[in-house]
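S.K.: Got a structure here, written out as structure tokens. Questions coming.
The values are calculated or read from the model by the stated rules, or taken from the named source; none is laboratory data. None of the values given here were measured: they were computed from a predicted structure. Because the Cβ atoms are built from the backbone with ideal geometry, glycine has one as well, and the counts that use them run over all protein chains shown. Only protein heavy atoms, including side chains, enter the accessible area calculation; ligands, DNA and RNA are left aside. Shrake-Rupley method; radii C 1.70, N 1.55, O 1.52, S 1.80 Å.
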Amino acid sequence: MPEKDVSAAAGLAVDGLTVGYRTGGLVLSEVSLTVPAGQIVALVGPNGAGKTSLLRAVSGLLKAHQGVIHKGRVTLDGDAITGADASAVVRRGLAQVLEGRQVFPNLTVRENLLTGAHTLRRDDSRRHATFEEILDLFGVLRQRLGQRAGFLSGGEQQMLAIGRALMTQPRLLVLDEPSLGLAPRIVEEISRVVQAINAKGTTVLLVEQNALLAFRIAEYGYVLEGGRVMFGGPAAELAGDERVAHYYLGGQDMSGRRARRTAERTGR
Amino acid sequence: MDNFLQLTFQGMALGCVYALIGLGFVMVFKSSGVFNFAHPVFVMISAYIVAALVPHGFGWGVLVALVCMAALAIVCEKIILRRLAGRSLYVVIMATLGLSVMGQAVVAMAWGVNPRGSTEGPMGRGVLRVGGVALPWTGVWIITVSLVLLAVLYLFFQRTRYGLALRAAADHHEAALAQGINMRWVQTISWGIAGVLAVAAGVFLGAFPRRVSPDMVDTALGALPALVIGGFGSLAGAVVGGMSVGLLLVLGSGYLAEYGGVHVVLPYVAMLLVLTLRPSGLFGHHEAERI
Ligand SMILES: Nc1ncnc2c1ncn2[C@@H]1O[C@H](COP(=O)(O)OP(=O)(O)OP(=O)(O)O)[C@@H](O)[C@H]1O
Ligand SMILES: [Mg+2]
């Protein structure tokens, strides 16, 4: 049984997390961050910083990649979930949208969404309501319910991936680079959707290379590099911070260039 | 014409058996990524158990075989393969080959190496006459029960929560994990279903050529070209491939009798043809492209 830590605040707390893969060395060292309930928190960092590994460690997917948590603690609303199975973590109210969407290509859109109901109780009366809410949020999916997900466009697949995660009725939604490879117009729509989801009471941890996008909609942000949290602060301040500007807006970093390009094209 | 109908009927019956065996392979492969070389041995052991218990009642035999196979499949999965999770494919394949050899040795110790009885039980040896065509009752049973099993399996996959979970897990393992699907259950259920399919195949194979013998392992391995023809990893493909192989074998043996045992190569010829013309098999889907 997980221990109850009454002193911890609601939301996600990652404390001193050190993570490695069996096939390689450490990829995260002593990472600590908090995602207070009700907020949007952004985590940005360049390729290979360890963002995805951190999410895997939190959501229980690390084992599937032969990864190990060496040290540290993860709590969700005060309950320790360090090293818990993915299905246990989902049942506790944390849903993850995987990097690169990863829809079930041969299942229909409807079936993709219904996989999210797997952990819900059969008699859960909110199931149907949640399904309808998701279709209201993503109108395009409603017209494509019977279509195989593999044939959707990238943007539609991203919406499906988010919708499918929402079907688990999470209190905390974790998104891994939802803007990756999408056109600016779609990126805009996705950031609006993330804000709408948050406005309805779901806490959000948003991982992005697109720092501008992330800091624009987040309340608080962290910068991860080389497996360490370099700094963190209110998102509004980070957006103007010259260290962030250096790494993600002006530096030689690919992701920085991409972030700026995206920003220019969306007119921000 | 009557001869053709009769052969077609027999071919369909044999095809059903190959479909059931093929589905057993596919169930396990899709859920755990393991090609279970021990599956034909599961088929043979089921046949031996039923044949041994037929004198006490066919129903008992089937029941005991079902319990034993479900238990055996689940134990194999839990004790052996789960410990090998993450090891190289060779290790896992070697483990299932090892299981296969062990299973054959155990059967040889318990029942010897000569053919033993048959599993036909109430299916009997009579024939059903429809016009000028004589349809053996065993064939009628095989086709009917197989169709019922296929329908149940189809409904399971399409209509139930775990059916959807199994399909999702086969489609994208990590995404299924991220959706909270319990992979242990998915694998246990898949292996259990494979065990049940092995019993059905064992009973039918032991009634069709009317004997239970160690050669059943080789006969069951005949489902492999069926899998390639249908498209490996596709459930519909396993059924269509199984049917094709059954029909080829029986029609071939009927019409090409003067050329000796040439019909046994027909499934392999078909397999090579399919591999050249449509490498992913008739039903194997090219994965839809993700952007
Ligand atoms: N399954 C794995 N096995 C071994 N090493 C891995 C594995 N996955 C990631 N790594 C390594 O861990 C480090 C961090 O990778 P990670 O994917 O977490 O970074 P990221 O910040 O998500 O990068 P990106 O922006 O490219 O998605 C990298 O050096 C990577 O090579
Ligand atoms: Mg990543």
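S.K.: Could you please find all residues in the range A:125-147 being in contact with a strand residue (DSSP E or B) (Cβ under 8 Å, 6 or more places away or on another chain) and either within 14 Å of chain B (Cβ to nearest Cβ) or open to solvent by 50 Å² or more (accessible area, probe 1.4 Å) (or both)?
M.R.: Correct list: A:146, A:147.
S.K.: Is there a residue being among the aromatic types (Phe, Trp, Tyr) and touching a residue at least 60 places away in the same chain (Cβ under 8 Å) anywhere in the range A:217-229?
M.R.: The answer is yes; a qualifying residue exists.
S.K.: Can you spot a residue in the range A:79-86 that is of a type outside the set (D, E, K, R), open to solvent by less than 10 Å² (accessible area, probe 1.4 Å) and either free of Cβ contacts under 8 Å to residues at least 24 places away in the same chain or out of contact with any Phe, Trp or Tyr (no Cβ under 8 Å at 6 or more places or on another chain) (or both)?
M.R.: yes
S.K.: Enumerate the pairs (first residue in the range A:58-78 and under 16 Å from residue B:175 (Cβ atoms); second residue anywhere and away from ligand 2 (no atom under 16 Å from the Cβ) and open to solvent by 50 Å² or more (accessible area, probe 1.4 Å)) with beta-carbon separation below 6 Å, excluding pairs fewer than 6 apart on the same chain, so at least 6 apart or on different chains.
M.R.: Matching pairs, first to second residue: A:60/A:85.
S.K.: Please go through (1) assigned to a strand (DSSP E or B); (2) open to solvent by 20 Å² or more (accessible area, probe 1.4 Å); (3) over 30 Å from residue A:245 (Cβ atoms) for residue A:30 and return the number of the only condition it doesn't satisfy.
M.R.: Failing condition for residue A:30: (3).
S.K.: Shifting gears a bit: Would it be correct to say that residue A:196 is modelled with pLDDT of 95 or more, away from chain B (no Cβ under 11 Å) and surrounded by fewer than 19 Cβ atoms within 10 Å (Cβ to Cβ)? Don't jump to the end; show me each part of the working.
M.R.: Details: modelled with pLDDT of 95 or more: yes; away from chain B (no Cβ under 11 Å): yes; surrounded by fewer than 19 Cβ atoms within 10 Å (Cβ to Cβ): yes.
It is true that residue A:196 is modelled with pLDDT of 95 or more, away from chain B (no Cβ under 11 Å) and surrounded by fewer than 19 Cβ atoms within 10 Å (Cβ to Cβ).
S.K.: Hey, could you check the range A:65-89 for residues that are under 17 Å from residue A:119 (Cβ atoms) and either touching a strand residue (DSSP E or B) at 6+ places or on another chain (Cβ under 9 Å) or within 13 Å of ligand 1 (Cβ to nearest atom) (or both) and say which is nearest to the other protein chains (Cβ to nearest Cβ)?
M.R.: Only one residue tops the list, namely A:86.
S.K.: Would you check which residues across the range A:51-94 are over 17 Å from the mean Cα position of the chain (by Cα), over 14 Å from residue A:35 (Cβ atoms) and not aliphatic (A, V, I, L, M) and list them?
M.R.: A:63, A:65, A:66, A:67, A:70, A:71, A:72, A:73, A:79, A:82, A:83, A:85
S.K.: Considering only residues that are within 16 Å of ligand 1 (Cβ to nearest atom) and either within 8 Å of another protein chain (Cβ to nearest Cβ) or open to solvent by less than 10 Å² (accessible area, probe 1.4 Å) (or both), which ones fall in the range A:90-114? Step through it out loud before you land on a result.
M.R.: We begin by selecting, within the range A:90-114, every residue within 16 Å of ligand 1 (Cβ to nearest atom); these are A:96-102.
Scanning the range A:90-114 gives A:96, A:97, A:98, A:100, A:101, A:102.
S.K.: Now for a separate question. Kindly indicate which of B:169, B:178 is of a type in the set (Gly, Ala, Ser), surrounded by 16 or more Cβ atoms within 10 Å (Cβ to Cβ) and without any contact (Cβ under 8 Å) to a residue 12 or more places away in the chain.
M.R.: One residue alone meets the criteria, B:178.
S.K.: Moving on. Taking the conditions exactly as written (closer than 19 Å to residue A:61 by Cα and of a type outside the set (S, T, N, Q)), does residue A:149 satisfy them or not?
M.R.: Numbers: closer than 19 Å to residue A:61 by Cα: no; of a type outside the set (S, T, N, Q): yes.
Taking the combined requirement at face value, the residue does not satisfy it.
S.K.: Return yes or no: is residue A:31 away from every other protein chain (no Cβ under 14 Å), within 15 Å of ligand 1 (Cβ to nearest atom) and modelled with pLDDT of 95 or more?
M.R.: Yes; evaluated as a whole, the condition is true for this residue.
Conditions (1) within 25 Å of residue B:184 (Cβ to Cβ); (2) buried (at least 24 other Cβ atoms within 10 Å of the Cβ), marked per residue:
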site: B:5; (1), (2): no, no
site: B:15; (1), (2): no, yes
site: B:23; (1), (2): yes, yes
site: B:28; (1), (2): yes, yes
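S.K.: Please work out which residue is nearest to ligand 2 (Cβ to nearest atom), limiting yourself to the range A:62-79 and to residues that are part of a loop (DSSP other than H, G, I, E, B) and on the phi > 0 side of the Ramachandran plot.
M.R.: Just the residues of the range A:62-79 that are part of a loop (DSSP other than H, G, I, E, B), to begin with: A:62, A:66, A:77-78.
Still in the list and also on the phi > 0 side of the Ramachandran plot: A:66, A:77-78.
Numbers: A:66: 17, A:77: 25, A:78: 28 Å.
My answer is A:66.
S.K.: Taking the range B:143-162 as the search range and keeping residues that are at the interface with another protein chain (Cβ under 10 Å from one of its Cβ atoms) and without any contact (Cβ under 8 Å) to a residue 24 or more places away in the chain, which one is surrounded by the most Cβ atoms within 10 Å (Cβ to Cβ)?
M.R.: Among them, the one singled out is B:161.
S.K.: State the number of residues belonging to the range A:47-61 that are within 11 Å of ligand 1 (Cβ to nearest atom), within 11 Å of chain B (Cβ to nearest Cβ) and not in a helix (DSSP H, G or I).
M.R.: Within the range A:47-61, residues that are within 11 Å of ligand 1 (Cβ to nearest atom), within 11 Å of chain B (Cβ to nearest Cβ) and not in a helix (DSSP H, G or I) number 1.
S.K.: While we're looking at this one, here's another question. Pick out the one residue from B:235, B:227 that is within 14 Å of chain A (Cβ to nearest Cβ) and either open to solvent by less than 50 Å² (accessible area, probe 1.4 Å) or not small (Gly, Ala, Ser) (or both).
M.R.: Of the residues listed, the single one that is within 14 Å of chain A (Cβ to nearest Cβ) and either open to solvent by less than 50 Å² (accessible area, probe 1.4 Å) or not small (Gly, Ala, Ser) (or both) is B:235.
S.K.: Could you tell me whether residue A:122 is facing chain B (nearest Cβ under 8 Å) and farther than 29 Å from residue A:54 by Cα?
M.R.: Spelling it out, residue A:122 is indeed facing chain B (nearest Cβ under 8 Å) and farther than 29 Å from residue A:54 by Cα.
S.K.: Looking at A:120, A:175, A:166, A:160, which is the one that is within 16 Å of ligand 1 (Cβ to nearest atom) and open to solvent by less than 30 Å² (accessible area, probe 1.4 Å)?
M.R.: Values: A:120 fails: within 16 Å of ligand 1 (Cβ to nearest atom); A:166 fails: within 16 Å of ligand 1 (Cβ to nearest atom); A:160 fails: within 16 Å of ligand 1 (Cβ to nearest atom).
Matching residue, one of A:120, A:175, A:166, A:160: A:175.
S.K.: Here is a further query. Take residue B:7 and decide whether it is of a type outside the set (Val, Ile, Thr), more than 22 Å from residue B:191 (Cα to Cα), within 14 Å of the chain's Cα centre (by Cα) and at pLDDT below 95. Give the derivation first.
M.R.: On the way: of a type outside the set (Val, Ile, Thr): yes; more than 22 Å from residue B:191 (Cα to Cα): yes; within 14 Å of the chain's Cα centre (by Cα): no; at pLDDT below 95: yes.
Criteria not met by residue B:7.
S.K.: Among the listed residues B:68, B:76, which satisfies the condition of being within 30 Å of residue B:165 (Cβ to Cβ) and buried (at least 20 other Cβ atoms within 10 Å of the Cβ)?
M.R.: Residue meeting the stated conditions: B:76.
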